[in-house]
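Structure first, commentary second.
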Amino acid sequence: MSKQDYYEKLKHPLWQKKRLKVLENYNFKCYKCEDKETTLHIHHLYYDNKYKNPWDYPDDALIALCEDCHEVEKVNADSCIKFLIKTLKERRFLTYEIHRIAEGFYKFHKNYDGEIDADIIHFFLTNEEMYSYVANYYINGMIDEK
Ligand SMILES: [Zn+2]
């Protein structure tokens with residue numbers, strides 16, 4: 001789909017309806033900075049070819065962001081994803097291991113708060129004592145299964 005086709009679709013009444021529903025879900029404020037004054041945009045957290053139209057996405061794939069936060073999100077998206085993959089590869093993760101991590105996130109609880117969960121994961125990965133505790137728990141579980 002060309003950019004022009006995409007922008008045409010954003011004029012469609014079904015997108016307008018979906019957009020309003022998402023804005024209501026976020027109480028007409030930016031998810032990130034909670035601003036109510038700046039123009040709000042609907043941000044697609046991801047794109048998937050199985051959804052033909054912007055309004056086909058499930059509600060949890062869409063968030064309300066003010067135009068400033070939306071711009072920051074769009075500008076940083078590609079570089080952040082590249083940084084994540086590069087870091088995993090530098091830490092010697094092979095593709096099947098990266099796939100395993102992605103699978104873990106796929107099964108991750110749905111009622112998340114992205115910011116809090118990112119902080120918890122960061123804490124876990126940077127706290128050696130916590131990591132050792134969980135690693136021992138996991139390894140002991142494997143031994144018990146035998
Ligand atoms: Zn904002």
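The values are calculated or read from the model by the stated rules, or taken from the named source; none is laboratory data. Just so we're clear, the structure is a prediction, and the values are computed from it rather than from any experiment. Cβ: placed from backbone, ideal geometry, glycine included. Neighbour counts: every protein chain shown.
If you scan region 40-98, which residues turn out to be of a type in the set (V, I, T), surrounded by 12 or more Cβ atoms within 10 Å (Cβ to Cβ), assigned to a helix (DSSP H, G or I) and within 16 Å of the ligand (Cβ to nearest atom)? Hit for region 40-98 is V72, nothing else.
Here is a yes/no grid of residues against (1) among the hydroxyl-bearing types (S, T, Y); (2) over 26 Å from Q16 (Cβ atoms); (3) in contact with a Leu (Cβ under 9 Å, 6 or more places away or on another chain):
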| position | (1), (2), (3) |
| --- | --- |
| P54 | no, no, yes |
| L65 | no, no, yes |
| H70 | no, no, yes |
| D78 | no, yes, no |
| F83 | no, yes, no |
| Y96 | yes, yes, no |
| A102 | no, yes, no |
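Among the numbered conditions (1) in contact with a strand residue (DSSP E or B) (Cβ under 9 Å, 6 or more places away or on another chain); (2) away from the ligand (no atom under 16 Å from the Cβ); (3) under 25 Å from E115 (Cβ atoms), the only one that I101 does not meet is (1). D56 - would you say it is of a type outside the set (F, W, Y) and at pLDDT 90 or above? In short, yes. Within region 28-39, the residues that satisfy the criterion of being within 10 Å of the ligand (Cβ to nearest atom) and among the hydrophobic types (A, V, I, L, M, F, W, C) are C30, C33. Here region 1-26 is the region considered, the condition is being assigned to a loop (DSSP other than H, G, I, E, B) and closer than 19 Å to E73 by Cβ, and the residue that is nearest to the ligand (Cβ to nearest atom) is Y26. The sole residue among A102, A135 that is in the same structural domain as L88 (by TED's automatic domain parsing) and of a type in the set (G, A, S) is A102.
Residues of region 92-146 that are over 24 Å from P58 (Cα atoms), out of contact with any Phe, Trp or Tyr (no Cβ under 9 Å at 6 or more places or on another chain) and among the aromatic types (F, W, Y): F93, Y96, F123, Y133, Y137, Y138.
Contact map, region 76-93: residues that are within 18 Å of T126 (Cβ to Cβ) paired with residues that are assigned to a helix (DSSP H, G or I), Cβ distance under 7 Å, separation 6+ or inter-chain. Pairs shown: L88/I98.
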